[in-house]
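Written out below as structure tokens is the structure these notes cover.
The values are calculated or read from the model by the stated rules, or taken from the named source; none is laboratory data. No experiment lies behind these values; they were computed from the predicted model shown. Note: ideal-geometry Cβ built from the backbone for every residue, glycine included; neighbour counts use all protein chains shown. With ligands, DNA and RNA removed, areas are computed over all heavy atoms of the protein, side chains included. Shrake-Rupley method; radii C 1.70, N 1.55, O 1.52, S 1.80 Å.
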Amino acid sequence: MPAATRNLLDRVAVLASKNDFHVYVVGGFVRDLLLQIKNLDIDLVVEGDGLRFAQLLGSELNAKITPHTRFGTSVLDLEDGSHLDVATARLEIYKDPAALPTVQPGSIREDMGRRDFSINSLAIKLEPDGRHLFLDFNQGKLDLEQKVIRALHPKSFVDDPTRIFRAIRFEQRLGFALNQETKTWLEAGIPVIEKLSGHRLFNGLVTIFMEKDVTACLWRLQELGVMRGIEPEIYWERIDWQKL
């Protein structure tokens, strides 16, 4: 970890301790740290009032704060041009397939349980003495070692079909594989793609085209039947993705 990043996390830990907050680094940063992949995109989760902690941290770091009160999140733009995402630990309730969730405050364990895949449900509790605590509630570290993409519950892709695109991105980017159960759950989510707004579907596809090996992702989407789920009247099997 770069010294500047370690110093930043140490400052976050001290501030959290002084103000009686429990703060965690979560998600892709922790995953890539274990994989020894460079990732300076830091997401913080706060048990309690994440908006309040973001205000305190913004003042401490002299950062511009952009709050999103509906989801209890804030973005801090730092002086060096980088940014931090600060979120309240939460539960998500999906009232309908592909609908945006209703959120309510939760514990770090509950927050990790709502994540898309086990490898993204890893957390580090920041402690002021630098002895930070690694948390793995869903065997994500084991899945990293075994190179497996595993969803956390059967309705994962029905609740949020955009996770289908994320599953393929991580599978192809990391050289991992969907386990059989996750593959079955993903296929159950394909018919729900049509319920996504055009905006969310567009953004899901854009993330695919931002991957280094775009054609591998597209072939995999086609192989799993996702492209036909997006538009059934196109003869996807006739498309040469490399030329496209």
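Quick notes
- Taking every alpha-carbon pair in the stretch 27-91 and binning the separations at 10 Å intervals from zero gives 23, 46, 28, 2 percent.
- Relative to the longest principal axis of the Cα atoms of the chain, the long axis of helix 214-223 makes an angle of roughly 60 degrees.
- The C-alpha radius of gyration of the stretch 57-145, expressed as a fraction of 2.2 N^0.38 Å, stands at 1.27.
- Reachable lysines, given that their alpha-carbon falls under 18 Å from the alpha-carbon of K18 and they are not under 8 places away in the same chain: K125
- Residue list for the stretch 97-118, given a label point 7 angstrom along the Cα-to-Cβ vector of H199 and an amide N cut-off under 15 Å: 99-101
- The H on the amide N of H83, modeled in the peptide plane, is under 5 Å from the matching H of L78, each at least 5 residues off or on a different chain.
- Kirkwood Rh and Cα Rg combined as Rg over Rh, evaluated for the stretch 90-209: 1.00
- In the chain, the portion of solvent-accessible area held by carbon and sulfur atoms comes to 51 percent [1.4 Å probe, whole percent, DNA, RNA and ligands not counted].
- With 21 Å as the limit on Cα-Cα distance, the pairs of K38/K243; K147/K212; K95/K195; K38/K212 that go past it are K38/K243.
- Kirkwood hydrodynamic radius over Cα pairs of the stretch 1-48, then Stokes diffusion coefficient at 10 °C and 1.306 mPa s, in µm²/s: 139 µm²/s
- Considering only the Cα atoms of the stretch 3-112, their convex hull presents on average a projected area of 7.6 nm².
- Here the stretch 116-147 and the stretch 60-95 have alpha carbon centers that stand 21 Å from each other.
- Total charge dipole magnitude, the stretch 3-95, about the Cα centre, Cβ charges on Lys, Arg, Asp, Glu only, Debye to nearest 20: 160 debye
- Net charge dipole size for the stretch 19-61 [Lys, Arg +1 and Asp, Glu -1 on Cβ; Debye, nearest 20]: 160 debye
- The C-alpha radius of gyration of the stretch 196-244, expressed as a fraction of 2.2 N^0.38 Å, stands at 1.13.
- For the stretch 114-170, the average shadow cast by the Cα convex hull is 4.6 nm², which is a quarter of the hull's surface.
- Based on the reciprocal of the average 1/r between different C-alpha atoms, the Kirkwood radius for the chain equals 19.2 Å.
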